[in-house]
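Step one of this worksheet: look at the structure below.
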Amino acid sequence: MAVSVLRVPSSAGAYNVGQERAPEALERAGLLDALHAARVPLSDAGALQVEAFRPDPTNRRQQNLPRVVEVASRVADRVGAISDGGHIPLLLGGDC
């Protein structure tokens, strides 16, 4: 069974920019190379659209809630498709 790598470059709910660069940073750090070296079968599931944090002055406690929900919904759809295809999803993302 292959592991499908899905990049989720988002910092929409992070209260600061930068976490959207996590997928790229993890790849540059050698994560996928290490998985290849360990003979983990990988497939590329692509990347979602970049969602960078923007201040949301209308709701200081739940910044960008609609955008965060939209990203989570897109991730859920893609993870479902990956799983339905018999692969194990591996998400590379920020926005803890």
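Taking the conditions exactly as written (in contact with a Leu (Cβ under 8 Å, 6 or more places away or on another chain) and assigned to a strand (DSSP E or B)), does S43 satisfy them or not?
It is false that S43 is in contact with a Leu (Cβ under 8 Å, 6 or more places away or on another chain) and assigned to a strand (DSSP E or B).
Looking at (1) of a type outside the set (A, V, I, L, M); (2) touching a residue at least 24 places away in the same chain (Cβ under 8 Å); (3) assigned to a loop (DSSP other than H, G, I, E, B); (4) open to solvent by less than 30 Å² (accessible area, probe 1.4 Å), which is the one condition that is false for D56?
In the conditions (1) of a type outside the set (A, V, I, L, M); (2) touching a residue at least 24 places away in the same chain (Cβ under 8 Å); (3) assigned to a loop (DSSP other than H, G, I, E, B); (4) open to solvent by less than 30 Å² (accessible area, probe 1.4 Å), D56 misses (2) alone.
Within segment 50-69, restricting attention to residues that are touching a strand residue (DSSP E or B) at 6+ places or on another chain (Cβ under 9 Å) and of a type outside the set (D, E), which residue is modelled with the lowest pLDDT?
The residue in question is N64.
Looking only at segment 59-78, decide whether some residue is under 15 Å from the mean Cα position of the chain (by Cα), touching a residue at least 40 places away in the same chain (Cβ under 8 Å) and not in a helix (DSSP H, G or I).
no
Out of segment 24-53, which residues are open to solvent by 100 Å² or more (accessible area, probe 1.4 Å) and either in contact (Cβ under 8 Å) with a residue 24 or more places away in the chain or closer than 24 Å to D77 by Cα (or both)?
Hits for segment 24-53 are E24, D44, Q49.
Which condition number in (1) open to solvent by less than 60 Å² (accessible area, probe 1.4 Å); (2) touching a Pro at 6+ places or on another chain (Cβ under 8 Å) is the one that P89 fails?
(2)
The values are calculated or read from the model by the stated rules, or taken from the named source; none is laboratory data. Being a predicted model, the structure only gives us computed values, none of them experimental. Reconstructed Cβ throughout: ideal geometry from the backbone, glycine too, with neighbour counts over all protein chains shown. Heavy atoms of the whole protein, side chains included, go into the accessibility calculation; ligands, DNA and RNA do not. Shrake-Rupley method; radii C 1.70, N 1.55, O 1.52, S 1.80 Å.
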